[in-house]
1. Determine, from the Cβ-Cβ distance of A:T147 and B:K336 and an R0 of 51 Å, the FRET efficiency 1/(1 + (r/R0)^6), rounded to the nearest 0.05.
2. Under 12 Å between alpha carbons, and skipping anything fewer than 8 positions from B:K268 in its own chain: which aspartates and glutamates qualify?
3. Between the range A:97-125 and the range A:193-267, what's the alpha-carbon centroid distance in Å?
4. Picking from B:T417, A:F203, A:F40, whose Cα lies most toward the positive end of the charge dipole for the protein assembly as shown (charges on Cβ: Lys, Arg +1; Asp, Glu -1)?
5. Can you give me the Cα centroid spacing of the range A:17-48 and the range B:259-302 in angstrom?
6. Beyond 32 Å, what share of the Cα-Cα pairs of chain B is found? Please give it as a whole percent.
7. For chain A, what is the charge dipole size about the Cα centre, in debye to the nearest 20, if Lys and Arg each add +1 at the Cβ and Asp and Glu each add -1 at the Cβ?
8. Just to compare against my own numbers: the Cα pair-distance distribution for the range A:167-301, 5 Å bins, whole % per bin, please.
Amino acid sequence: MLSKLKDNNHVVGYVFSAPFIIGFLVFILYPILSSLYYSFTDYNLFQSPSWVGMANYEKMFTDDEKYWKSVFVTLNYVIASVPLRLAFALMVALLLNKTIGGIGLYRSAYYLPSLIGGSVAVSILWTQVFGDQGLVNSALGVFGIDTDTSWIGNPDTALWTLITLSVWQFGSSMLIFLAGLKNIPKDYYEAASVDGANAVRRFFKITLPLLSPIILFNLILQTISAFLTFTPAYIVSRGEGGPLDSTLLYSLYLYKRAFQFYEMGYAAAMAWVMLIVVGIITLVIFQTSKLWVHYESKGER
Amino acid sequence: MKRVLTILLTLALSVSLAACAGGNGNKGAGNATNAPSEPVKTETPTTDDKKEPVTLKIAWWGGQSRHDYTLKVIELYESLNPHVTIEPEYASFDDHWKKLAPKVAANNLPDIIQMDISYLSQYGSLGQLEDLTPYTQNGAIDISNISEAAISGGKIGNELFAFNLGSNALLSVIDKDMLEKAGGTMPTQDWTWDDFTALGPVLKAQGKILTQDLRHDVFFPFYLRGKNQLMYAADGTSLGYDDDKYFIDFYNMYKGWYDNGNLLSLDKLAQKKGTPEDGELELGNAVSTWGWSNQYILSSTVAKRPFEILPVPGWNENKALFLKPSMYFSISKNSKVKDEAAKFISFWVNDVEANKIIMGERGVPVSSAVKEALKPLLTPEQTKVFDYVAWAEQNSSQMNPPNPIGAVEVDKLLKDTAEQILYNKLSVADGAAKFRLDANKILAANKK
């Protein structure tokens, strides 16, 4: 029996993959399923959850103004920050794709904000930069614009400070763009120049089409991460989502429901709605990609 | 290629979402019990001496100075009771409650929890806290020098879920020098809100403001008390006041200050950390600050200049002034060492040496013996607070019962509504109506 087991190659495989399988079941599958269960319950952590059916979902869609506010804030944030960030990343990638001395240094320097970007420290730095005595106001003062509004405390501008923060963290997208740019054969550009195409035309007719799979990849990745943004909003608004709920991102509202008001069931339901919505948006982006993404090898489609 | 991408993305997405929704199982569950090194005892026949080593977990909120002196008190206790080891957990107010929530779910609350009145109903009536009455009866918590009035502040019904650590009263702190330099006269104790409003233009001429803000969840209920109204109904299922006129009057007054530039603008207020270090009074930009008496000492320490104390206007209407337990210690239901926890609480409120370290920072001590012993040691600023609370005790009435479950959310709602009013997104009358509607919706969950 034992020797039979020993001879069985599968066992070795299972043993080696056990850490992942067990980890997946315990830390991923179990929490996912229990959060699905909680989303149908009223659960305040103090008492055991009680089944309420669809009540959480009903309340969310019909009877919670703040929920919709947070949805609109999040959509605003995603729609503004993702394209800006990608455009910025592409622009910097194009600049860094030149062969000049010390380019490695520049690349590292531009990647730096992304390395430290998600952290609490940067968000705190941001409150200093956009505060009433902050860097932005000092810079404006140099140009003769004297103001002491706090950009973070003003409901009209608070979300834009977060969007700026997101755009500033373009590094990882830039790196992927850069790799994509390196992959475009030089001959194409040379051939186009010979035919008299100028730089703008070369960019739109060669670079963009050949880069489109990379753009798709970045777009999806950044859209998902933008939907899940939490730390900057939490730190900049001190966990409140203010002023006037203008920075109340979806994940922040979810967090408030869970940990300020102890409504775990409701928060779990919110998480599931988010999952479904992000899933749908990702699918839609994939579907539209047929129209604008060009693969060099047609066979793979 | 594309399909693999889809699968990968979907997986990554669901993993990160699930982690954010359900991954709060039981942080800090695996706390190693730190057995204290008990002094080796010679084998003597006396059996009562030998005490089992005990580990007490205690959690509180506060700023750095509170953390520092609390740790000193713990050290003192440990040196007097070598068999006890205390594991402290401390955080800011908001984080304190966020850390406790998952521990409730994991049935792993610290033995002693610093409790606030706004969370007392939630933790007490939902079965997380031990009734302390037996411990006060069997002497584990010595109450011989503590008045019944002080103790009852921790009761829900007949059960004592939290032990009062000190008394607080509402006050306003006035920078008399600034006021007189601006040409104003120091108001008397019997001042009114109109007197306060009248100071606005005087200070504005000097580029100063009245105060940065008044906490809505504190001062609106206080205003209601003066009108013989309650913020919350006795059964906790709705708001306690029937007429929106009170809301409208109070917020018309508040908006008046704001529109006249007598308060800190909201965009700047949003940046404040709420510590004395960045308070507008302490920085010399505002003539007053409004809050609880135990906060006064820190204010004047930070500002390095003395201030004057006045009662909050309206204190003499309907005996609105009240003494409130500044904070409590509670013992969690899941604690396995409740007797030892009770002894520590008794030590905290009764021991003179310990209170020489605490010096009333958690409110004026509830024990009359401790209060007497501290008197000669107080600084002039501390004396002001002790005197004010003593005066308030004579001129106050019973405080409101603890806020019902859901009050934390209603407090946030009030703040939101007030901000919308100040930003001119809502008229005061509409705000009053909307606040009532939404607050009652939250509180209706308490209906059985």
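The values are calculated or read from the model by the stated rules, or taken from the named source; none is laboratory data. From a predicted model like this one, the values you see are computed outputs, not experimental measurements. Note that each Cβ is placed from the backbone with ideal geometry, even for glycine, and that neighbours are counted across all protein chains shown. These area figures cover heavy atoms from the full protein model, side chains too; ligands, DNA and RNA do not enter into them. Shrake-Rupley method; radii C 1.70, N 1.55, O 1.52, S 1.80 Å.
1. My answer for the efficiency is 0.30.
2. B:K268 reaches A:D132, A:D148, B:D213, B:D278, B:E280.
3. 19 Å
4. A:F203
5. Taking the Cα centre of the range B:259-302 as reference, the centre of the range A:17-48 is 44 Å away.
6. 45 percent
7. 1080 debye
8. Percent of Cα pairs in each bin: 2, 9, 13, 14, 15, 12, 10, 8, 7, 5, 3, 2, 1, 0.
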